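Enquirer: Let me give you the structure first, and then I'll get to my questions.
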């Protein structure tokens, strides 16, 4: 074992003694190996890991599995990976005590003494080396625990300066996870996609469906595990806790663990509030005192909270957050602290019936800080796939080779969507859509969210006839208005429904939730539970139910909500795992992260079988590795209407894209606003004018800035609780707010030739729509940690404004390119940070020199976009190219080659544009197109898409070169 002690050493060694070793028990006996059809198996001597298997999946992908068993027959189906090993030429050589498995693109060298693996590229350059693997018994998980299940940790030694990206949707505002502690889990706001992409152009897919951790192998710990605590008088043992009702102090006592984190069952807290404040009308709790670290270094505070919470250390505010009471989550702050020194801590919490716990990660050892570490709470083996590429797109392509191609979504999905927490009647829904059409604001999709069913019949898939008397007529009217309609469907059932009974008789229901009498929040509360989506028979029954009740009505898309699954909110994670144990594939602990994947995949496949050539489309609140193959998009859950949450969505979207999932969105404006926005005395605010005047300005600005950002994300979707989120309910016609929202909506539609090409490339070329700057500018070290900017496709540098009242923001222009300000036309050199103008009605947007940005005319829906004239906006100053993708936008013909591409290239030296020969065709494609050319120089205003159209040609699919005039 290496000579170091982790922080919290006694607890850590007690819980996970082997996880802090380097490679478990190991002596120096030389191992044996044997060739297999796709690689080799090394049999280790004197190690708790008996065998290490290397499988060549493709030239650039090798799978590594290390097991404590005598063979690999017990490895489970993790649902993610669909790829099988290809018949790829590889060599096996033994030299210098190592077995080398080598393909044309990649080699893996296994030490026959230790079983550690080193990966090298085709040139023999080392990419990543294992630093140790270890295992421990499974603890703190609901049973039964299989004898062959263990907790596993795999450590790697990356190079100095290396950065790591991806991992799915995190809500911590970070993009580079080198040296960070990340928990891969599923929750309303969190989506684990266990794929990590290195700045050195390799990827690692961690093949485990349970909760795993990057960095510290332990979950965050209570404060006393890393600090000595002192109360407000300096007495050791705890912090001073003061409980107030308004300004009246009701209780003062010492507390060591600030813990009101979870419910035990129903609405009963695991740790109840003191009796002294049981009837408090305006509860506030304050913890004060001092903390003394037991180790020096970077400490991470993790404040799990809802309600209002402010954390300060030595008078410096670290966190100031609000979340709605029913949806708490972690808020993180990292600080360097010195062992033996006291720091004054103050935590002020207004619960609003919410939840709280203050936890911490202490500093890892110096060695571990430099390592990359994956720890699985439970599994059968260490199991991962290593992918190498020439660039980040190659690495993401490798992920999709393993887990499935991203499907093409219907074209309408890339238009504008309008939604509310719910439209309470079909008249409300149709009225909102008709208003958009009357105002000539482009729109493609309107959403019917939850509770359209009778109150006591969740899961019946019936409509409450009082409010939805004719669902078919509602859907038909939406289609008459040249729009689409998505409907929310949950995996949740009341036991009184016939659908529950059909599933239950086949053993398909997780009935522990009913046995515990965990009522939901509707009316006075109803017994309820979810179905077992790990069981293929149950999934087919589920699809049959929504097919026969809802698909027959003509809905265009499915909103699969609460698929974590959120059986009963605010239970502990252990309890949540128990509620889905047993399931058809094991325990809740073993399969915890994966529920959304088979659930969505069966709906996707079912619709394809039922509706034939009509493209299926799903929006799902959770996902997992492979979700991109299911016709799905994911969204960032029930984020709140706060500037901090707006800012965190930038990094969340970057992480999703760099983990291989191209289709992502959020609730523009945030799902739940603070009460100051939602209510005005006895008024429940709908239109913004019903809001207190003191709050209207911030509400409109928050929504406008979020809206501007949303126009440049893969899917453009307004949604949330009251106040209403329709543009005309957010602002008056003619106001700056209204005009800017309308203009950004129109700009989205004018950019549809560009945006739909990005979508086509996501399928055909495995590319990524929302791109962290490290993807395209990896040679520029300044972009490594940038979490507030991103590329939308290859041309557009997007810089959301996330501060109330800001009228400018710092923008870093990556080196290696010149950049045009899309709003003014001013040209800048890359490699510098500028103070970019951000007037109220505009978000800073820059275009890379050499870009060819195709746009179209003003339209009201994507249905009008086929065969329209194209404008090629050529941003001069560098060579560039683009390949415009088109298909019919609605069928699966694209899978059979029914699509076209128009290649376009610009040569700066010759000052000429070449429109190449069109390839491919599809039903309904025009043989000739009108194409306009705009030459963008510093004297032009790029955002005025109808200005300075220098030339117009008729393009028949044959090559043509146009000189710049």
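Nothing in this text is a laboratory measurement; each read-out follows from the coordinates by a stated rule. Only a predicted model underlies this, so the values are computations on that prediction, with no experimental measurement involved. Methodologically, a virtual Cβ is constructed for each residue, glycine included, from the backbone with ideal geometry; neighbour enumeration extends over all protein chains shown.
Enquirer: Using the C-alpha gyration tensor of the range 628-687, what are the square roots of 5 times its eigenvalues, in whole angstrom, with the largest one first?
Expert: 30, 13, 6
Enquirer: List the relative contact order of the chain as a percent without decimals, with contacts defined as Cα pairs under 8 Å and 6+ residues apart.
Expert: Relative contact order, the chain: 10 percent.
Enquirer: Hey, another quick one. What is the Å³ per residue value for the convex hull set by the Cα atoms of the range 750-837?
Expert: Dividing the Cα hull volume of the range 750-837 by its residues yields 114 Å³.
Enquirer: So, one more: Sort 220-226, 691-697, 928-934 by packing, meaning the average of other beta carbons within 10 Å per residue, with the highest value first.
Expert: Order by mean packing, descending: 220-226, 928-934, 691-697.
Enquirer: With only alpha-carbon atoms counted, please give the Rg and Dmax of the range 143-277, in Å.
Expert: That works out to 20.5, 59 Å for Rg and Dmax.
Enquirer: Let me test this: with uniform point scatterers at the alpha carbons of the chain, what is the Debye-based log₁₀ I(q)/I(0) at q = 0.08 1/Å?
Expert: With one equal scatterer per Cα and no solvent, log10 I(q)/I(0) is -0.80.
Enquirer: In nanometres, what is the gap between the two model label sites at residue 476 and residue 279, each 7 Å from Cα along Cα-to-Cβ?
Expert: 5.9 nm
Enquirer: Now for a different question. For the range 200-246, what is the convex hull (Cα atoms) projected area averaged across all directions, in square nanometres?
Expert: Computing the convex hull of the Cα atoms and averaging its projections yields 7.9 nm².
Enquirer: Any chance you could list the semi-axes, whole Å, largest first, of the equivalent ellipsoid that the Cα gyration tensor gives for the range 686-817, using √(5λ)?
Expert: 31, 19, 12
Enquirer: Tell me what the chain gives for mean residue ellipticity at 222 nm when only DSSP H runs of n ≥ 4 count, each as -39,500 (n - 2.57), the sum divided by the residue total, rounded to 500 deg cm²/dmol.
Expert: -5000 deg cm²/dmol
Enquirer: Further question: Would you kindly state how much longer the chain becomes between residue 320 and residue 693 on full extension, computed as 0.36 nm times their sequence separation minus their alpha carbon distance, in nm to one decimal?
Expert: Between residue 320 and residue 693, full extension yields an extra 131.8 nm.
Enquirer: Now for a different question. So what's Rg/Rh here for the range 558-645, counting alpha carbon atoms and using the Kirkwood radius for Rh?
Expert: 1.03
Enquirer: Let me ask something else. Quick check: Cα centre of the range 47-120 to Cα centre of the range 537-563, how many Å?
Expert: Here the answer is 41 Å between Cα centres.
Enquirer: Given a cut-off of under 8 Å on Cα pairs at least six residues apart, what relative contact order in percent is computed for the range 221-363?
Expert: Once divided by the residue count of the range 221-363, the mean separation gives 29 percent.
Enquirer: Compute the label zone of residue 928 within the range 867-911: residues whose backbone N is under 17 Å from the point 7 Å along Cα-to-Cβ.
Expert: 867-870, by backbone N distance to the label point.
Enquirer: Sort 802-812, 650-660, 780-790 for me by packing, meaning the mean count of neighbouring Cβ atoms within 10 Å per residue, highest on top.
Expert: Descending packing order for the listed peptides: 650-660, 780-790, 802-812.
Enquirer: Right, another one. Would you please put 344-355, 722-733, 584-595, 430-441 in order of how densely packed they are, using the mean number of other Cβ atoms within 10 angstrom per residue and starting with the highest?
Expert: Sorting 344-355, 722-733, 584-595, 430-441 by mean packing, highest first, produces 584-595, 722-733, 344-355, 430-441.
Enquirer: Using the Cα atoms of the range 221-363 to build a convex hull, what is its mean projected area in square nanometres?
Expert: Mean orientational projected area (the range 221-363, Cα hull): 8.0 nm².
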